[in-house]
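Beneath this line is the structure, given in structure tokens, with notes to follow.
The values are calculated or read from the model by the stated rules, or taken from the named source; none is laboratory data. Keep in mind that this is a model prediction, so the values were computed, not measured. Note that each Cβ is placed from the backbone with ideal geometry, even for glycine, and that neighbours are counted across all protein chains shown. In case anyone asks, the SASA skips ligands and DNA or RNA and just uses the protein heavy atoms, side chains included. Shrake-Rupley method; radii C 1.70, N 1.55, O 1.52, S 1.80 Å.
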Amino acid sequence: MSVASRTPAQTEPGFESLQMCGVSRTYGRTRALVDLDLELTRGEFVALLGPSGCGKSTALACLAGLQPLTTGSIWRDEVRIDTVPVEKRGFGMVFQNYALFPHLTVQKNVEFGLSMRHVGRDERRRRAAAALDLVQLTDHAGKIPSQLSGGEQQRVAIARALAIDPEIVLMDEPLSNLDAALRIEMRTEIKRLYQERDLSVLYVTHDQEEALSLATRLVVLRKGRFVQSGTPEDVYANPVSAYVAGFMGYRNIFAGHVAARAEDGAVHVVADDLELVGRLVTGGGTDNAAQGTAVTIAIRPEDIRVAAPSAPNAIQVMVEVVEFHGRDLAVRARTNRGVAIHFKTDEPVVAGHRATLSVSSERVLAFAGVAGASRDDDS
């Protein structure tokens, strides 16, 4: 059945696909979402990824019914739901600020969504207790939120979302207010709950490590538009643009040009005093990067190693800053012309000493077009 032939209706139990079709959301003259097509299929954990202002939270708010659409539609299988009230869409929602009622006990906070759905008292208590058991907070049921740690409060918010037994859970930056250790702990808990409860999750984050560790599929947004979708492994290794590369940890990004093309498809690129062999990424466009064509070069710090002067793709640098990160060192160095190079190594390097670096040609990405695509350009 085509989208055009569908008719609005109430939601029904069970789903195979949740779809946003050509959704736009405009605030005055600001376009937060632009013709966004997005799909969540049953059992997926999809992470919407991008910097502040890219539209990811707006997309989630439109799905939840917290924001009206300017254009487009939202479908749960063959049922249109953007015309359905928030409380009847059947989503569990977890927010960045927890949104707990400070005067209610943990038990009552978890029961709240069930009360709004007119679930009987005994059933409310049973389902709330089961949800608290899932997040390992049974012993805290009688406390109020101010008596809990940040991680415990976030678990209460997750328990409240799960208590209504949703098939789809929407999470908006749920870990951003937690410290580093708690974020890692809560990531593990969210992954465990996803696997044990057979949930389908749409998760908003600006943290690429968080997205990579949790999601089965990433969707990268930029200025309200879809940019790339794929498995975490695919997006990590094969970004389609310098923008995605910058956001996925390719910290070394340089404006350069093509000096020569090889018969095997490799490109010889130059940026200041960097002369490297890499692979051209056209993002699905026509491969017309002739000699002299402007490119953006991207290299991940983890792909650079300390090497002998005769190594391929050798880069001569002066080590500038060395940071101890436990098992490895995070290093900033500079070429003779002052180009900053970031790399990681377990080799002993010392600030103020010279070194030779090398990177595999497969890990030097050359994107057709000019740079200006760092992860902060939409902030």
For ALA266, the lone unmet condition from (1) over 30 Å from THR70 (Cα atoms); (2) at pLDDT 95 or above is (2)
Is it true that some residue in segment 71-81 is outside any loop (DSSP other than H, G, I, E, B), within 28 Å of the chain's Cα centre (by Cα) and within 30 Å of VAL135 (Cα to Cα)? yes
For residues that are over 19 Å from GLU210 (Cβ atoms) and assigned to a loop (DSSP other than H, G, I, E, B), tally how many sit in segment 24-70. 10
Enumeration of residues in segment 99-111 that are under 14 Å from GLN147 (Cβ atoms) and either among the acidic types (Asp, Glu) or outside any helix (DSSP H, G or I) (or both): LEU100, PHE101, PRO102, HIS103, LEU104, THR105
Among what's in segment 268-280 and is among the hydrophobic types (A, V, I, L, M, F, W, C) and more than 18 Å from ALA311 (Cα to Cα), pick the residue that is least open to solvent (accessible area, probe 1.4 Å). ALA271
Picking from THR216, THR188, the residue that is surrounded by fewer than 17 Cβ atoms within 10 Å (Cβ to Cβ), touching a strand residue (DSSP E or B) at 6+ places or on another chain (Cβ under 9 Å) and among the hydroxyl-bearing types (Ser, Thr, Tyr) would be THR216
Give ARG121, ARG89, ARG160 a once-over and let me know the one that is of a type outside the set (Val, Ile, Thr) and farther than 29 Å from GLY50 by Cα. ARG121
Near pairs, Cβ below 7 angstrom, 6+ apart or cross-chain, from segment 326-347 (closer than 15 Å to ASP303 by Cα and in contact (Cβ under 8 Å) with a residue 24 or more places away in the chain) to any residue that is among the hydroxyl-bearing types (Ser, Thr, Tyr) and outside any strand (DSSP E or B): ILE341/THR335
One residue from PRO348, PRO301 being surrounded by fewer than 17 Cβ atoms within 10 Å (Cβ to Cβ) and at pLDDT 90 or above: PRO348
If I filter segment 5-19 for residues that are in contact with a Gly (Cβ under 9 Å, 6 or more places away or on another chain), at pLDDT 95 or above and surrounded by 14 or more Cβ atoms within 10 Å (Cβ to Cβ), do I get at least one hit? no
So which residues in segment 86-129 are surrounded by fewer than 16 Cβ atoms within 10 Å (Cβ to Cβ), farther than 23 Å from TYR203 by Cβ and touching a residue at least 12 places away in the same chain (Cβ under 8 Å)? PHE101, PRO102, HIS103, LEU104, MET116, ARG117
Any residue at all in segment 214-223 that is among the small types (Gly, Ala, Ser) and at pLDDT below 95? no
Have a look at THR83, THR26, THR70, THR58 and point out the one that is more than 28 Å from GLY246 (Cα to Cα), at pLDDT 95 or above, open to solvent by 20 Å² or more (accessible area, probe 1.4 Å) and polar (S, T, N, Q). THR70
Can you tell me which condition VAL319 does not meet? The list is (1) open to solvent by less than 50 Å² (accessible area, probe 1.4 Å); (2) closer than 27 Å to ASN238 by Cβ; (3) touching a residue at least 24 places away in the same chain (Cβ under 8 Å); (4) of a type in the set (Val, Ile, Thr), and all the others hold. (2)
Pairing a residue in segment 48-67 that is in contact (Cβ under 8 Å) with a residue 24 or more places away in the chain with any residue that is surrounded by 21 or more Cβ atoms within 10 Å (Cβ to Cβ) and aromatic (Phe, Trp, Tyr), where Cβ atoms lie under 8 Å and the two sit 6 or more apart in sequence or on different chains, gives LEU48/TYR203; LEU49/PHE247; GLY50/PHE247; PRO51/PHE247; LEU63/PHE91; ALA64/PHE91
